[in-house]
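The values are calculated or read from the model by the stated rules, or taken from the named source; none is laboratory data. Just so we're clear, the structure is a prediction, and the values are computed from it rather than from any experiment. Every residue, glycine as well, gets a Cβ built from its backbone with ideal geometry; the counts of neighbours run over all protein chains shown. Ligands, DNA and RNA are excluded from the accessible area calculation, which covers all protein heavy atoms including side chains. Shrake-Rupley method; radii C 1.70, N 1.55, O 1.52, S 1.80 Å.
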Amino acid sequence: MKFSIIVPVYNAAKTINRCADSILAQTFQDYEIIFINDGSTDKTQEMLNQLEKYDSRIKVVHQRNQGVSSARNHGIALSSGDYILFIDSDDWIDPHYLESFSRTNDCISKLKIGTIAVTNLENKLNYDIFTSINGKFLDIQKAFSEAGLLHNGFPFAKAYNRQIIIENNIKFKEDIAFKEDLIFFLDYSKFCKTIEFVDNARYYYIIHSNSLSTKTHTPATLLKTTKIIIKKSEIFNTVTQFYSYMDSYLRLCTEEIIYAVYCNNLTWKERKANLKELINLISSERHYPRNYKTDKILKLFFNEKSLYIYDMLKRIEHKFLR
């Protein structure tokens, strides 16, 4: 079997039929669909059971609510295809999606990436991702830099070699609820020399106002995730081009953490502890951007008085910007 398509599902009664229909309408037919119902409380379970009766390639598994990472890992364990693809239950794919992936050279690339069409709830196309490099084979370091893969490490619109995942026990981290998909992607990427960007493998991704990417996470969560990503990215840090890109990415991480410090209802003691942890990370982590270590503004944080003044100003700023 060529493809195993894993679809984690939670309370998706309004969108699951569109997602399933787009898969069943594929021009390439050698695949299985594994729906993992993660403890839905609406009519999702009933709808999935009906879909399973409709087509023998559909497998439906029900589990108690354990989160999307658990659902994806469960799907991986049940898969049997040469390649694993992930689709979110509220998204859908072009009819030629699988056919486009099937036409590419399996010997050259162990990872294939399609085009992502980002839309809103009214199905209005906002923008595309990866169209400028479609049809290219890029070495792993260049792919990260040119395609911005630290920002686009989501699991969908990618065809993963199942053998690599199984043999190396690559799983989604179930104890992290932020950028766990990027961590999975980094774990997988170290086994790839080349990434192929595939023409006409078009994935339609819906942006929701309440999606994870628009939520404010706690500073502790962001700090933990940033440390993991730095560690996972060490294999690329000997490459000058990637180092420059990592610099840019970690600047954004720093901004996210500082923003989270002031958007969460934390005490002064908690804010101080989180900011100091960020400073220690910037100062001690050799893979962090070097120019941060000599940044005069951040150096002000090293004494408690300056940290208190900065904290007060940020709280005032946040209050008036709300």
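Quick grid of which residues meet (1) at pLDDT 90 or above; (2) under 21 Å from the mean Cα position of the chain (by Cα); (3) over 19 Å from L24 (Cα atoms):
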site: V61; (1), (2), (3): yes, no, no
site: L78; (1), (2), (3): yes, no, yes
site: W92; (1), (2), (3): yes, yes, no
site: P95; (1), (2), (3): yes, no, no
site: F101; (1), (2), (3): yes, yes, no
site: T104; (1), (2), (3): no, no, yes
site: T115; (1), (2), (3): no, yes, yes
Residues of segment 16-47 being farther than 27 Å from S100 by Cβ and open to solvent by less than 50 Å² (accessible area, probe 1.4 Å), in sequence order, are N37, D38, G39, S40, T44, M47
Could you give every pair whose Cβ atoms fall below 6 Å, whose first residue belongs to segment 1-14 and is farther than 17 Å from R57 by Cβ, and whose second residue is open to solvent by less than 10 Å² (accessible area, probe 1.4 Å) and among the small types (G, A, S), counting only separations of at least 6 or pairs across chains?
P8/A71
Residue count, segment 35-51, condition assigned to a loop (DSSP other than H, G, I, E, B) and in contact with a helix residue (DSSP H, G or I) (Cβ under 6 Å, 6 or more places away or on another chain), comes to 0
Residue by residue through segment 255-281, note down the ones that are over 14 Å from L222 (Cβ atoms) and part of a loop (DSSP other than H, G, I, E, B).
N265, T267
Determine whether R57 is surrounded by 15 or more Cβ atoms within 10 Å (Cβ to Cβ) and among the basic types (K, R).
yes
When only residues in segment 159-209 that are open to solvent by less than 20 Å² (accessible area, probe 1.4 Å) and among the aromatic types (F, W, Y) count, which is farthest from I129 (Cα to Cα)?
F172
Sole exception among (1) touching a helix residue (DSSP H, G or I) at 6+ places or on another chain (Cβ under 9 Å); (2) in a helix (DSSP H, G or I) for C19, by number
(1)
Of the residues that make up segment 233-254, is at least one open to solvent by 40 Å² or more (accessible area, probe 1.4 Å) and either in a strand (DSSP E or B) or at pLDDT 80 or above (or both)?
no
